[in-house]
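Comments concern the structure below.
Just so it is clear, none of the values below were taken in a lab; they were calculated from the coordinates. Since we're looking at a predicted model, the values are computed, not measured. Methodologically, a virtual Cβ is constructed for each residue, glycine included, from the backbone with ideal geometry; neighbour enumeration extends over all protein chains shown.
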Amino acid sequence: MIDQFADLVRKSRSRRRYVAADPIPREVLLSLVDLARLVPSAMNAQPLRYRVVSDPAEVAEVFLATNWAGGLRTGPAPAPEERATAWIVICSQNPPFPPGIDVGIAAQTINLAANAAGYATCMLGAIDRPRIAKALNLPADVNIELLMAVGRAGEKVQLEELSPDTPTPYWRTEDNVHHVAKRKLEDILL
Ligand SMILES: Cc1cc2nc3c(=O)[nH]c(=O)nc-3n(C[C@H](O)[C@H](O)[C@H](O)COP(=O)(O)O)c2cc1C
C-alpha cells in the first residue's frame, strides 16, 4: 500500500507539456476539486474557492497570463498542441488568516488525484493575476492564490538526486526529457 502511494508521489511531477488533442473531461476536473474540499484547513475555515476552466476559448485566454507564454526556463514555451487543456484556479475569499498552507495542501491533493486518474498538473505562481481575474470575470473580493494547469502529460520527467555540484534544480536534455533533482534524505534531516 505504501509502495503504491510512494509510486504515485514519485510520478506526480510537474508537467509543462500536455497532449492538447486529449482534453481532460470536465467531470474529472470537478472530481478533483471535490476531493480538495475534504483536505485539512486551519481552524476548518475553508476559505478556498475554485474556478474550473475547461472552455477552450477561456483556456487559451488564461494561457496568455502564464509565464509559459514567454518561454519556460528550461526551453521554449509549449506549442499550441502541447498546452494544458484545463486550468484550476485556486482562490481565497475573505480568509481569516493567510491561506497559503491551505492552498498547498489543496494543490498537492489535486496533483496526486489527477495523476492517480492518469492526468498531470503543474502549479503556477508566476502568473498575471489581474489578467486572469478579468478574463474569468472573478468577483472583486476573490484573490487568486495559485493556478494549476491540468491535462494529459505530453512529456517525460525523470527524478534525479540533488548534489552540491548539480548546477540547476531542473533541466531539459536534448531528448526533451525534463529532469528534476531532489535533495537526499540525509541532506534534509536536521
Ligand atoms: C507555489 C508554486 C509555484 C510554482 N510556480 C511555477 C511557475 O510559475 N511556473 C512553472 O513552470 N512552474 C512552477 N512551479 C512548479 C515548480 O517549478 C516545480 O514544483 C519544481 O520545479 C519541482 O518539480 P516537481 O513539481 O516535479 O517536483 C511552482 C510550484 C509551486 C509549489
### Task
Using amide H atoms built 1.01 Å from N in the peptide plane, name the residues 5+ places from Gly154, or on other chains, whose amide H lies under 5 Å from its own.
Arg17, Tyr18, Val19
## Note on the structure
Given 134-146, 117-129, the highest-first ranking by average Cβ count within 10 Å works out to 117-129, 134-146
### Query
What Rg and what Dmax come out for the chain when only alpha-carbon atoms are used, in angstroms?
16.9, 49
## Note on the structure
By the DSSP-based rule, helices of the chain that are at least 20 Å long along the axis (C-alpha) and have a mean Kyte score of at least 0.0 are 100-116
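Kirkwood hydrodynamic radius of segment 70-112 from all distinct Cα pairs, in Å?
Numbers: mean 1/r = 0.0759 Å⁻¹.
The answer is 13.2 Å.
So what is the 222 nm mean residue ellipticity for the chain from helices alone, if each DSSP H run of at least 4 adds -39500 (n - 2.57) and you divide by all residues, rounding to the nearest 500 deg cm²/dmol?
On the way: 6 runs with 57 residues, N = 190.
That calculation yields -8500 deg cm²/dmol at 222 nm.
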### Query
Cα centroid distance between segment 1-34 and segment 97-159, in Å?
12
### Query
Stretched out fully, how many nm does the piece from Leu30 to Ala117 gain, at 0.36 nm a residue minus the Cα gap?
30.1 nm
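If you put +1 on each Lys and Arg Cβ and -1 on each Asp and Glu Cβ, how big is the dipole of the chain around its Cα centre, in Debye rounded to 20?
On the way: 21 positive and 22 negative charges, 43 e Å.
With Lys and Arg at +1 and Asp and Glu at -1, about 200 debye.
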